[in-house]
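Here's the structure, in structure tokens; my notes come after.
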Amino acid sequence: MKIAVLPGDGIGPEITAEAVKVLQALDLKFEMETALVGGCAFDAQGHPLPPATLKLAQEADAVLFGAVGDWKYDKLDRPLRPEQALLGLRKNLGLFANFRPAICYEQLVGASTLKPEVIAGLDILIIRELTGDIYFGQPRGRRTAVDGHFPGSEEAFDTMRYSRPEIERIAHVAFQAARKRSRRVTSVDKANVLETSQLWKDVVTEVGKLYPDIALDHMYVDNAAMQLVRAPKKFDVVVTGNMFGDILSDEASMLTGSIGMLPSASLNAGNQGLYEPSHGSAPDIAGKGVANPLATILSAAMMLRFSLDQPQAADRIESAVKVVLASGLRTADIHSEGTKRVGTREMGDAVVTCLTHKTTTKS
Ligand code: NAD
């Protein structure tokens, strides 16, 4: 099992180190290799996704990714900005299906800004299409070179586009995922004003006819944003395009208490995947040892389940996280009265202790 470890920028190295530690605590053999990605790769090698990093990712069974980006790179030409590394990996590895589960752990009900009765027991899955939409359409603007020149005009645009095959394959992923859950899919679009969304809605409806056992409904993205905070438990599987999914999944993260708790998996047709927390590089807390590593640790669990065929090891990590939360340990983002505040490393250590303790007990 070959894992490419790409820690990236900001809190990326801190949180990835904890996930690696957790993986190493399992009684499994991994080949792990680390490479630069994002702003640190630009600083060292002049490109956010150096060829050696891309090659390592392509040859691995899975990629464990931290986060990329920092405000100091904001003035770079767009193709050289750290976030382009992630877009490049998604495109080159064909990672079209992004799974973002939003689960509210019993122990964290009080950490959400929403009322306990609204979020207790929440377990929804947002499936975001990842390689199409406005992020991959043709851009034009101040930081987009055209034939080596910047237009520098006072007008900019990005094109939103989707093709039928792109929508079909993500729709199949959503309906199949719903079969393993409560058999409900909500497709989110903006078909009242966007042509791209009308195609999206038509194609999802057609694919839905192949899954008569799954209930499908459609919702406009503005309404979905509202319903997610009004009555999030009404959703089960939500399938949507790249940009709407980006925004809605961040919104959903706050239902769970903190973005520091939300893992994600991005898969291609061959189950090769990139696993990363849903949050960014958090430059405001980088280097302070306070970031929550649980989203990354839970992403490693998703990696074991989806790409490395080790579902039992994934279960063990997820159980260990629950035990640690039940013991009252909290990083700053999920801390509340009556719980014990710990740093990034202590949180990772606690998960490791829980895993190794269980191993010892078993043997
Ligand atoms: P962010 O997710 O990095 O941070 C938002 C807020 O959440 C901050 O207050 C941060 O401190 C907090 N936060 C995030 N992760 C946390 C964790 N694990 N524990 C505790 N608190 C946490 O989003 P942002 O501030 O909008 O962006 C910062 C940088 O990250 C930008 O350069 C952006 O482009 C980049 N970014 C990268 C990715 C990625 O690599 N996948 C995703 C989103 C943003």
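Figures for the structure shown
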{"item": "Qualifying position, being hydroxyl-bearing (Ser, Thr, Tyr), within 23 Å of Ile3 (Cβ to Cβ) and open to solvent by less than 40 Å² (accessible area, probe 1.4 Å), among Thr344, Thr339, Thr331", "result": "Thr344"}
{"item": "Hits in segment 263-279 (condition: modelled with pLDDT of 90 or more and either surrounded by 21 or more Cβ atoms within 10 Å (Cβ to Cβ) or of a type in the set (Asp, Glu) (or both))", "result": "Pro263, Ser264, Ala265, Ser266, Leu267, Gly273, Leu274, Tyr275, Glu276, Pro277, His279"}
{"item": "Qualifying residue in segment 248-256 (condition: in contact (Cβ under 8 Å) with a residue 12 or more places away in the chain, within 11 Å of the ligand (Cβ to nearest atom) and open to solvent by 10 Å² or more (accessible area, probe 1.4 Å))", "result": "yes"}
{"item": "Residue tally, condition assigned to a helix (DSSP H, G or I), under 11 Å from Phe244 (Cβ atoms) and not aliphatic (A, V, I, L, M), over segment 119-135", "result": "1"}
{"item": "Conditions (1) part of a helix (DSSP H, G or I); (2) surrounded by fewer than 18 Cβ atoms within 10 Å (Cβ to Cβ); number of the one not met by Glu166", "result": "(2)"}
{"item": "Qualifying strands (runs of 3 or more DSSP E) (wholly inside segment 1-97; at least 2 residues being buried (at least 23 other Cβ atoms within 10 Å of the Cβ), within 16 Å of the ligand (Cβ to nearest atom) and under 17 Å from the mean Cα position of the chain (by Cα))", "result": "2-8, 62-67"}
{"item": "Condition met for Ile214 (of a type in the set (Val, Ile, Thr), within 16 Å of the ligand (Cβ to nearest atom) and open to solvent by 10 Å² or more (accessible area, probe 1.4 Å))", "result": "no"}
{"item": "Those residues of segment 268-313 which are part of a loop (DSSP other than H, G, I, E, B) and either away from the ligand (no atom under 15 Å from the Cβ) or of a type in the set (Ser, Thr, Tyr) (or both), in sequence order", "result": "Asn268, Ala269, Gly270, Asn271, Gln272, Ser278, Ser281, Ser307, Leu308, Asp309, Gln310"}
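The values are calculated or read from the model by the stated rules, or taken from the named source; none is laboratory data. Note that this is a predicted model, so its numbers are computed, not measured. Glycine also receives a Cβ, built like all others from the backbone with ideal geometry; neighbour counts cover every protein chain displayed. Accessible surface is based on the protein model in full, side chains and every heavy atom, while ligands, DNA and RNA are left aside. Shrake-Rupley method; radii C 1.70, N 1.55, O 1.52, S 1.80 Å.
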